[in-house]
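Input: a single structure, listed below in structure tokens.
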Amino acid sequence: MDNKNIQNPFQNGMAQLDKVTKIKDFSKEFIARLRQPDRDIRISIPVKMDDGSMKIFEGYRVEYNNTLGPYKGGIRYHKDTEINEVKALAFWMTLKCAVAGIPMGGGKGGITVDPKELSKTELEKLSRGWVQKLADILGPKKDVPAPDVNTTPEIMAWMANEYAKITEEETGATFTGKPLDKGGSAGRGSATGLGGFYVFNSLRKQIGLSEKCKIVVQGFGNVGVNVAQSFIENGHKVIAISDSKGGIYNADGLDIEKLGEYKKKNGSLSGFAGSKNLTNKELLETECDLLIPAAFENVITEANAEKIKAKAILELANGPITPEADEILFKKGIPVIPDILANSGGVTVSYFEWDQNLREEHWSEKEVFEKLLPMMNDATQKTFKNAKEYSTDLIRGAFILALERISEKMGY
Ligand code: NAD
């Protein structure tokens, strides 16, 4: 992804934590423990490039907290990925698993790399290299990575294979997000988007939205495309969507499937029949019922929060709204359905994959979604109840739910 805002996301996570402790009393020792990861590891990965030269890449694994179960969290490949970003994402994973009610802790990994600049062979060597350096700390009962931005089921299959070669562990449960024929779960590809829809649908009436909303989506990757499809299949309209190059708008609604084919042929969304072009800035400020940031962090800040004209926001990217912008949106009366709840469908189905691998079972897509729906509804309604009880926003409502679950298990 391009154009990343470089505000320190870990500081944002800590600012969110501080705000919650102002409205609910948690033990000081517990909060102090949550302000530090259990460990953060930096590795260097030498890769012999196709031209015979050797290049050294920087990689990371942050194991934040394993109170509720093995560390769980994706691996991000991005040119701007650095330790603070990985730490922030690992912190949010800790809370997300707790909100979703799954027996997993929080972790995250990454490599500073623009994967588009590597050949497939180089990418495979790099991915296997990450596993070679970290195999000792990974494992189904220890730390279970998954895909994130720019990492694919194919990459997970290489990693799982490398791990199996090194350790002879046979369940395949150390990595999730694998291809279906290599132990992946049905429904994992669409789980984050569909889970986001379930969360929205559970809250829809409570936040005063209709059955036929106009939706704006930032991001045309795994999450953006799947969430757009889920909303359209359920009677809503996606009136604008964007990728890193910019977006398009059509008041009558966009056909996402045709748009996907168009992008494949033309390389961008621009010029799609019947639509008008938008910049990403304009897209975020478009009038709509629901805005869904589904690209990356820090896209709604103090600089543009006042200009947001959506009636509600569903955060599917991790950390797309800064704490300062959260305050502004709260004052404007725009409900924000927070990332640690809204995008938790992904990690929930990752947990299902881990569970299926360990039990040597395979669940159909229908079974997976039937298990996902009540879990998303339960997490959503508990978050809403907290927000009401503490007269606060949904973000703090979700944090309280997570912190209560973790602190209780830790014995505070
Ligand atoms: P992806 O790499 O598949 O897609 C990212 C999309 O963002 C691409 O379409 C890219 O063009 C677009 N983008 C990049 N720069 C942009 C810009 N400046 N403006 C608008 N769009 C831009 O990644 P993904 O898996 O869809 O993840 C998106 C977000 O969702 C990330 O924050 C990720 O951490 C979060 N998330 C993903 C999952 C999952 O299951 N994939 C689960 C939870 C959270």
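Residue 168 meets the conditions (1) out of contact with any helix residue (DSSP H, G or I) (no Cβ under 6 Å at 6 or more places or on another chain); (2) at pLDDT 95 or above in every case but one. The failed one is (2). Entry remark, region 72-87: residues being crowded, with 24+ Cβ neighbours inside 10 Å and part of a helix (DSSP H, G or I) number 2 in total. Here residue 28 clears all of (1) open to solvent by less than 10 Å² (accessible area, probe 1.4 Å); (2) without any contact (Cβ under 8 Å) to a residue 40 or more places away in the chain except the condition numbered (1). Tell me whether region 142-155 contains one or more residues that are under 30 Å from residue 407 (Cβ atoms), charged (D, E, K, R) and away from the ligand (no atom under 16 Å from the Cβ). The answer is yes, given that some residue of region 142-155 is under 30 Å from residue 407 (Cβ atoms), charged (D, E, K, R) and away from the ligand (no atom under 16 Å from the Cβ).
Residues in region 217-232 that are assigned to a helix (DSSP H, G or I) and either within 15 Å of residue 314 (Cα to Cα) or more than 6 Å from the ligand (Cβ to nearest atom) (or both): 223, 224, 225, 226, 227, 228, 229, 230, 231, 232. Within region 186-216, the set of residues being of a type in the set (Ser, Thr, Tyr), open to solvent by 20 Å² or more (accessible area, probe 1.4 Å) and in a helix (DSSP H, G or I) comprises 190, 198, 202. In the set 259, 290, 284, only one residue is touching a residue at least 60 places away in the same chain (Cβ under 8 Å), open to solvent by less than 40 Å² (accessible area, probe 1.4 Å) and under 19 Å from residue 190 (Cβ atoms); that residue is 290.
Here residue 67 meets each of (1) closer than 18 Å to residue 105 by Cβ; (2) out of contact with any helix residue (DSSP H, G or I) (no Cβ under 6 Å at 6 or more places or on another chain) with one exception, condition (2).
Counting only residues that are under 25 Å from the mean Cα position of the chain (by Cα) and either within 13 Å of the ligand (Cβ to nearest atom) or assigned to a loop (DSSP other than H, G, I, E, B) (or both), region 251-277 holds 10 of them. Cβ separations smaller than 8 Å between residues 6+ apart or across chains give the following pairs from region 122-138 residues that are under 18 Å from residue 108 (Cβ atoms) and in contact (Cβ under 8 Å) with a residue 12 or more places away in the chain to residues that are among the basic types (Lys, Arg) and buried (at least 19 other Cβ atoms within 10 Å of the Cβ): 134/61; 137/61. The residue that is least open to solvent (accessible area, probe 1.4 Å), counting only those in region 309-324 that are at pLDDT below 95 and more than 16 Å from the ligand (Cβ to nearest atom), is 323.
The residue of region 200-218 that is farthest from the chain's Cα centre (by Cα), among those that are over 18 Å from residue 240 (Cα atoms) and among the polar types (S, T, N, Q), is 210. Does residue 92 satisfy being farther than 30 Å from residue 32 by Cα and surrounded by 23 or more Cβ atoms within 10 Å (Cβ to Cβ)? When the stated conditions are applied, residue 92 does not pass them. Annotation note: of 400, 406, 337, the sole residue that is in contact (Cβ under 8 Å) with a residue 60 or more places away in the chain, in the same structural domain as residue 204 (by TED's automatic domain parsing), surrounded by 16 or more Cβ atoms within 10 Å (Cβ to Cβ) and within 19 Å of residue 101 (Cβ to Cβ) is 337. When the residues of region 156-183 are filtered to those that are open to solvent by 70 Å² or more (accessible area, probe 1.4 Å) and acidic (Asp, Glu), the one that is farthest from residue 139 (Cα to Cα) is 181. Out of (1) in a strand (DSSP E or B); (2) buried (at least 18 other Cβ atoms within 10 Å of the Cβ), the odd one out for residue 102 is which? Residue 102 satisfies every listed condition except (1). Per the conditions (1) under 24 Å from residue 13 (Cα atoms); (2) in contact with a strand residue (DSSP E or B) (Cβ under 7 Å, 6 or more places away or on another chain); (3) in a helix (DSSP H, G or I), the sole criterion not satisfied by residue 316 is (3).
The values are calculated or read from the model by the stated rules, or taken from the named source; none is laboratory data. Everything numeric here is computed off the predicted structure, so don't read it as measured data. Cβ sites come from the backbone with ideal geometry, for glycine too, and all protein chains shown count toward neighbours. Just so you know, the surface numbers come from the protein's heavy atoms only, side chains and all, with ligands and any DNA or RNA stripped out. Shrake-Rupley method; radii C 1.70, N 1.55, O 1.52, S 1.80 Å.
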